[in-house]
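What follows is a set of notes on a single structure, which appears directly below.
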Amino acid sequence: MAPDHDLPRKDWLMQIGEHPLLRRRLLGGLVVSAALVAGALAMGDLLQDLPYITFYSAVAIGAFVGGWRAGLFATALSAVAAIYFLLPPASSFNLAPGQVLGLVTFATTCGLIVLLTHIATRAAEANVALAEQRQVLLMELQHRIKNHLQLMGAMLATHARATTNERIRARLIEAGQRLQVIATTYDNLYEPGALIDMSEHLRKVCAFVEGGVADRTSKITVDAVATRWPVERVIPLSLIANELLTNAVKHAAPDKNLEIDVKLERQDSRMRLSVLTRGTTLPAEFSLDGPGLGLRIASMLAGQLGGRLSTPRLPDALFVVEFPEPAA
């Protein structure tokens with residue numbers, strides 16, 4: 001299952017700050033800076049009493065887009081343009097003593113703007129490089145976790161085949177399936193903070209369980225609403241589905257085809273997972289508080305989701321978990 005590369009979405013200002021723009025292309029940065037200074041000069045004609053005010057923005061944007069060289073180029077070009085076009089006498093480079101002080105103040109302020117912009121953009125680019133490195137390490141870690149879980153599941157399956165005790169074999173098989181279900185979740189976690197398509201993941205879990213029923217004809221149909229959840233909510237519901245499906249396979253009549261309907265629905269602000277085994281009824285004395293380990297695990301996991309496991313349509317073999325919809 002492909003990771004969701006659109007989530008989590010960064011603030012657009014952060015995306016712009018992290019993007020190198022023209023900082024890697026000096027000529028492009030200089031051209032942009034010259035265009036910005038020309039625009040500032042045109043606006044400066046309207047503000048004769050404040051000859052430098054419009055150039056500050058040109059210098060800041062030029063330094064941000066093109067880097068510190070483009071920022072210094074914009075500073076020098078702005079000073080020349082202001083002296084020649086805006087400061088009296090016009091079309092001249094003659095400066096009065098007071099104008100020299102203003103020019104020095106302008107150049108110093110622009111230098112600070114360029115320096116601070118350079119520091120901020122370098123810090124942003126360093127953060128991007130560090131985040132990319134961490135993402136690679138996270139992907140490697142997740143891949144190793146998945147492989148280790150699958151290896152442990154395979155080891156349990158090997159021990160299950162080797163034992164002659166049917167009760168121990170059943171417990172080992174169930175434990176191995178739980179590990180495999182968790183391992184499938186790590187197929188989706190190759191993006192930090194990624195949200196998992198729960199509809200597709202639930203189909204994957206059901207296909208895994210259906211494929212493990214080798215000694216009978218089985219059909220598990222899945223009807224799931226489109227929703228994306230964080231991993232800490234996906235794993236409990238995946239395990240609940242696995243427990244209910246495994247329980248259905250274990251207790252279904254051996255002489256009948258196995259048909260199970262799995263639904264994940266949204267009801268207002270709550271989610272509803274239901275697992276119905278067709279043609280199967282529960283015994284009159286059935287209780288969720290019984291000795292069955294699988295149902296006890298499913299009940300505890302439902303509590304982790306903020307919901308509860310119920311059998312609303314006895315004696316039909318319908319199990320339902322209702323819980324608040326996880327926040328994206």
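Brief remarks on what is shown
- Residue, most open to solvent (accessible area, probe 1.4 Å), within the stretch 272-307, restricted to residues that are touching a strand residue (DSSP E or B) at 6+ places or on another chain (Cβ under 7 Å) and basic (Lys, Arg): ARG278
A quick yes/no check of all residues on (1) open to solvent by 60 Å² or more (accessible area, probe 1.4 Å); (2) within 15 Å of TYR56 (Cβ to Cβ); (3) touching a Lys or Arg at 6+ places or on another chain (Cβ under 9 Å):
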| residue | (1), (2), (3) |
| --- | --- |
| ASN94 | yes, no, no |
| PRO97 | yes, no, no |
| THR105 | yes, yes, no |
| THR108 | yes, yes, no |
| LEU116 | yes, yes, no |
| ALA124 | no, no, no |
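- A single entry from ALA70, ALA79, ALA74, ALA96 fulfils the requirement of being over 15 Å from LEU41 (Cα atoms) and in contact (Cβ under 8 Å) with a residue 12 or more places away in the chain: ALA70.
- Selection over the stretch 157-180 of residues that are at pLDDT 70 or above and closer than 19 Å to ASN247 by Cα gives a count of 15.
- Residue check for TYR56: open to solvent by 10 Å² or more (accessible area, probe 1.4 Å), in contact (Cβ under 8 Å) with a residue 24 or more places away in the chain and in contact with a Phe, Trp or Tyr (Cβ under 9 Å, 6 or more places away or on another chain): yes
- Matching residues in the stretch 214-233 - criterion: being of a type in the set (A, V, I, L, M), modelled with pLDDT of 85 or more and surrounded by 13 or more Cβ atoms within 10 Å (Cβ to Cβ): ILE220, VAL222, ALA224, VAL225
- Taken as a whole, the condition of being at pLDDT 90 or above, within 22 Å of VAL32 (Cβ to Cβ) and surrounded by fewer than 22 Cβ atoms within 10 Å (Cβ to Cβ) does not apply to ALA120.
- Residue among VAL114, VAL100, VAL104 that alone is at pLDDT 85 or above, of a type in the set (Val, Ile, Thr) and under 24 Å from GLY29 (Cα atoms): VAL114
- Residue check, SER238 in contact with a helix residue (DSSP H, G or I) (Cβ under 6 Å, 6 or more places away or on another chain), within 24 Å of ALA157 (Cβ to Cβ) and open to solvent by less than 10 Å² (accessible area, probe 1.4 Å): yes
- Subset of the stretch 257-271 that is under 24 Å from the mean Cα position of the chain (by Cα) and modelled with pLDDT of 85 or more - its residue that is surrounded by the most Cβ atoms within 10 Å (Cβ to Cβ): MET271
The values are calculated or read from the model by the stated rules, or taken from the named source; none is laboratory data. Remember, it's a predicted structure, so these values are computed and weren't measured experimentally. In this analysis, Cβ positions are derived from the backbone assuming ideal geometry, glycine residues included, and neighbour counts consider all displayed protein chains. Surface accessibility is based on the protein's heavy atoms, side chains included, excluding ligands, DNA and RNA. Shrake-Rupley method; radii C 1.70, N 1.55, O 1.52, S 1.80 Å.
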